[in-house]
Amino acid sequence: MPRNGKVMPRESFEPSDVAKAQGEVLQLEYGRLASPAKELALDTGASERACRNHLNGINCMSLTEFFNACQSIPVLQAWGARMIGLKATNDPRFAEEWAEGVKHIKVSLDFNGVNFVPKVGEP
C-alpha cells in the first residue's frame, strides 16, 4: 500500500494557491458591492479584517469558517466541492447526504503548535 500523501496522480495545493483561489471566488460574489468585507463579515460571522484578507487572497478561511460560510454562500460550496475533487451533480440526494455528513465532522485545534487535526466521528 502506498504511504499517506504519496498517492498519484493528484493535484497538490499550496496554502497560497488555496487563498488566492478562494479570494477569486469571493471577489466574484462580493467584489461588486460597496463594502465587500462588511457584507462577507455579515454573511460569515468573521471579522471585517479577516474578510478583507480572504477577499484579497492573503489568507484563506479555516475549515470551520469555510463550512459555516458554505451554508450562506452557494458559490463557495461549489468551489469547495471542486477543490476536494467532487464532481458537480444536480442530484438532490447528494446535497442531503453531504449536509448529513458535515454534521458528523469534528475539528480539533492544537493551540500549543500549529497543528490542525480534523476528526471524523459522532456529533
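FYI, it's all coordinate maths here, none of it is from the lab. Every value quoted in this text rests on a predicted model; they were computed, and no experiment measured them. A quick note on method: Cβ atoms are made from the backbone with ideal geometry, for glycine too, and the neighbour counts reach across all protein chains shown.
Here is how the numbers come out for the structure above:
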read-out: Options 65, 39; residue that is within 13 Å of residue 80 (Cβ to Cβ), charged (D, E, K, R) and surrounded by 14 or more Cβ atoms within 10 Å (Cβ to Cβ); value: 65
read-out: Cβ-Cβ under 8 Å pairs, at least 6 apart or on other chains, the stretch 66-82 side farther than 20 Å from residue 37 by Cβ, far side assigned to a helix (DSSP H, G or I); value: 67/102; 77/70; 80/66; 80/70
read-out: Any pair with Cβ under 8 angstrom, 6 or more apart, that starts in the stretch 13-32 at a residue that is over 17 Å from residue 62 (Cα atoms) and free of Cβ contacts under 8 Å to residues at least 60 places away in the same chain and ends at one that is among the β-branched types (Val, Ile, Thr) and surrounded by fewer than 18 Cβ atoms within 10 Å (Cβ to Cβ); value: 28/75; 29/75
read-out: Filter result for residue 34 (more than 17 Å from residue 16 (Cβ to Cβ), among the hydrophobic types (A, V, I, L, M, F, W, C), touching a Lys or Arg at 6+ places or on another chain (Cβ under 9 Å) and surrounded by fewer than 19 Cβ atoms within 10 Å (Cβ to Cβ)); value: no
